[in-house]
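Undergrad: Starting off with a structure, shown below.
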Amino acid sequence: MATRAVPAPLAQLPNALTIARLAMIPVFVALVIRADGQSSWAAGWLFGAAGITDQVDGWLARRWRVESQFGRFVDPLADRIIIDAAVILLWAYDRLPWPALALILIRDSVLLLGTPAALRRGYEFSVSFLGKAATWVLYASISFVLVTDPGTDWPVALFWSGVALAVAAGILYVVSAWRTTR
């Protein structure tokens, strides 16, 4: 492993950002519930901030050469939890249709259940541009759904493009894992 490029205390910043994103989840849920199905700038901004921390923590970890097992596991888990929470709540308040809920939960269930099997077979997950693009679009579109009035169509259309990217990234991961572990 390469020598880290920053002092030890600063090397913990990427993991601290991931932990901060986890800590945002209950606050985010409370803000969405408080909005009771209406637009919420506070929830939208907080969700957007979570998306920014997702980009920054991984970028810093790679740039500073301080990637960790904790970050490799907890960072994508934090993304799944906050995105799933948002989709579940937006579906419950009739802001996203049930197929959106079903596709996101199926995708994340496959990832959650399939990752241990892939790791046991020697597959090493890496960051892909397509996976990152899907996450960026999902964070942005969900933020827009949160800050717009119910019935506004364009953020939902953007959300579906993020789902399409996520499904494509998932298929590529499965194919790659299958090829690597045969």
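The values are calculated or read from the model by the stated rules, or taken from the named source; none is laboratory data. What you see is a predicted model, and the numbers here were worked out from it, not measured in a lab. Cβ atoms come from the backbone with ideal geometry, glycine included; neighbour counts cover every protein chain shown. Each accessible area value is taken on the protein alone, full model and side chains, heavy atoms only, with ligands, DNA and RNA left out. Shrake-Rupley method; radii C 1.70, N 1.55, O 1.52, S 1.80 Å.
Undergrad: Just one of the numbered conditions (1) under 20 Å from residue 18 (Cα atoms); (2) open to solvent by 40 Å² or more (accessible area, probe 1.4 Å); (3) free of Cβ contacts under 8 Å to residues at least 60 places away in the same chain is not true of residue 136; which one?
TA: Failed condition: (3).
Undergrad: Across the range 32-52, which residue is modelled with the lowest pLDDT among those that are open to solvent by 20 Å² or more (accessible area, probe 1.4 Å), of a type outside the set (Gly, Ala, Ser) and under 18 Å from the mean Cα position of the chain (by Cα)?
TA: Once the filter is applied, the top-ranked residue is 52.
Undergrad: When you go through 49, 61 one by one, which is the residue that is farther than 17 Å from residue 126 by Cα, of a type in the set (A, V, I, L, M, F, W, C) and assigned to a helix (DSSP H, G or I)?
TA: Values: 61 fails: farther than 17 Å from residue 126 by Cα.
The conditions single out 49.
Undergrad: What residue, among those in the range 85-129 that are in contact (Cβ under 8 Å) with a residue 40 or more places away in the chain and hydroxyl-bearing (Ser, Thr, Tyr), is least open to solvent (accessible area, probe 1.4 Å)?
TA: 123
Undergrad: Turning to a different aspect of this structure: Taking the stated definitions as given, is residue 73 part of a helix (DSSP H, G or I), over 14 Å from residue 150 (Cα atoms), among the aromatic types (Phe, Trp, Tyr) and open to solvent by 80 Å² or more (accessible area, probe 1.4 Å)? Let's see the steps before the verdict.
TA: Details: part of a helix (DSSP H, G or I): yes; over 14 Å from residue 150 (Cα atoms): yes; among the aromatic types (Phe, Trp, Tyr): yes; open to solvent by 80 Å² or more (accessible area, probe 1.4 Å): yes.
The answer is yes for residue 73.
Undergrad: Here's something else I'd like to know. If we scan the range 18-30, do we find a residue that is among the small types (Gly, Ala, Ser) and more than 21 Å from residue 81 (Cβ to Cβ)?
TA: Looking for residues that are among the small types (Gly, Ala, Ser) and more than 21 Å from residue 81 (Cβ to Cβ), one finds none in the range 18-30, hence no.
Undergrad: On the given criteria, is residue 127 in a loop (DSSP other than H, G, I, E, B), within 22 Å of residue 14 (Cβ to Cβ) and either within 13 Å of the chain's Cα centre (by Cα) or of a type in the set (Lys, Arg) (or both)?
TA: So residue 127 passes the test.
Undergrad: Which residues, taken from the range 3-31, are of a type in the set (D, E, K, R) and either touching a Phe, Trp or Tyr at 6+ places or on another chain (Cβ under 9 Å) or open to solvent by 90 Å² or more (accessible area, probe 1.4 Å) (or both)?
TA: Correct list: 4 only.
Undergrad: Same structure again: Please go through the range 133-166 and give me each residue that is closer than 16 Å to residue 49 by Cα and not small (Gly, Ala, Ser), ordered by number.
TA: Passing the criteria: 135, 136, 137, 138, 139, 142, 144, 145, 146, 147.
Per-residue answers, yes or no, for (1) modelled with pLDDT of 90 or more; (2) in contact with an Asp or Glu (Cβ under 8 Å, 6 or more places away or on another chain):
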site	(1), (2)
55	yes, no
61	yes, yes
69	no, no
85	yes, no
88	yes, no
92	yes, no
99	yes, no
118	no, no
